[in-house]
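Notes follow once the structure below has been shown.
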Amino acid sequence: MRNTITIIKLGGSIITDKSKPYTLNLPVIKKLAKEIKKANIPVIIVHGAGSFAHTSAKKYGGKKGYSSLWGVAKVARDAQALDQIMIDELIYAKIPAISFRPNSLFVARKGQLASHNLTTVLEALKQGLVPVLYGDVILDQSWNTTIFSGETSTKYLVDFLQDNNVRVNKVIQVGITDGVYDLDGVTIPEISKSSYKVLKKNIFESRGTDVTGGMKHKIENALEISSMGVKTYIVNGLQKDTLIEVLQGKVIKGTIVT
């Protein structure tokens, strides 16, 4: 295993059509899988739940536990169903992908990590496999269940890997925008902890987090990752070869969270 890894987070907005329940963007998934294969560097892949688990999650519960056992089971099933499609497409692209269910990796307490079994992910890396995680319903010792988004799992992955002498080179968040936009729709090239204080008030409190498509959550997790010494690149995966270029360290249009 190489001691440097890149984590790729494929947003639910790019791998599914979030406006239509249980609807894939299959051509985009195939495109991204080919680009990951072509880049040919060690990666971990994390993906969102998109219009699969978000559909059932909205129906059955929320962040602090689900209203029924059926809700837990159905959200977990929907998240896993999308993950199986992702695994199939990655394998079809000749990527040795292996799925790790966050539901089996993490235990939470009041929405925060209580314990984990990420040593299995580390062992997969040592064997040359490509671990794949995703947004999932997590068992919670206080709330019964909670949700760990792909961004949340990524944050805990970075912390664990760096504690185990695996350097995370960068995190790449792949979505459908050219990074983070200001109020005029212009890409903000860089966000830091200090600049975010202004951005949070001017952008997210002005427009509302729903309009941003969850971008506030992405940035705040990325800022936590930046405190570990790892930059996050927020890029548009719909553009041809953008993912390859950022994997290769080329300058691309997007936002860097430092």
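Tabulated data
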item: Failed item in (1) open to solvent by less than 80 Å² (accessible area, probe 1.4 Å); (2) closer than 20 Å to Leu10 by Cα, with Tyr60 passing the rest; result: (2)
item: Which listed residue is over 26 Å from Lys74 (Cβ atoms), surrounded by fewer than 18 Cβ atoms within 10 Å (Cβ to Cβ) and touching a Lys or Arg at 6+ places or on another chain (Cβ under 9 Å), from Lys126, Lys94, Lys110; result: Lys94
item: Checklist (1) under 22 Å from Leu113 (Cα atoms); (2) open to solvent by 10 Å² or more (accessible area, probe 1.4 Å) applied to Ser153, failing item; result: (2)
item: Number of positions in segment 180-195 that are part of a loop (DSSP other than H, G, I, E, B) and open to solvent by 40 Å² or more (accessible area, probe 1.4 Å); result: 6
item: Tally, over segment 14-51, of residues that are over 13 Å from Val130 (Cα atoms) and either assigned to a helix (DSSP H, G or I) or open to solvent by 10 Å² or more (accessible area, probe 1.4 Å) (or both); result: 25
item: Within segment 225-239, considering residues that are touching an Asp or Glu at 6+ places or on another chain (Cβ under 9 Å) and open to solvent by 50 Å² or more (accessible area, probe 1.4 Å), the one nearest to Glu151 (Cα to Cα); result: Met228
item: Qualifying positions in segment 144-164 - closer than 18 Å to Ile219 by Cα and touching a His at 6+ places or on another chain (Cβ under 9 Å); result: Ser149, Gly150, Glu151, Thr152, Tyr156
item: Leu133 vs. criteria farther than 21 Å from Gly50 by Cα and either in contact (Cβ under 8 Å) with a residue 40 or more places away in the chain or within 18 Å of the chain's Cα centre (by Cα) (or both); result: no
item: Out of Val198, Val171, Val158, Val132, sole residue that is of a type in the set (Val, Ile, Thr), outside any loop (DSSP other than H, G, I, E, B) and open to solvent by 10 Å² or more (accessible area, probe 1.4 Å); result: Val198
item: Test result for Lys9, of a type in the set (Lys, Arg), modelled with pLDDT of 95 or more and open to solvent by less than 20 Å² (accessible area, probe 1.4 Å); result: yes
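The values are calculated or read from the model by the stated rules, or taken from the named source; none is laboratory data. Source: prediction; values computed, not measured. When we count neighbours, we look across all protein chains shown, and the Cβ atoms used for this are built from the backbone with ideal geometry, even at glycine. For accessibility, only protein heavy atoms count, side chains too; no ligands or nucleic acids. Shrake-Rupley method; radii C 1.70, N 1.55, O 1.52, S 1.80 Å.
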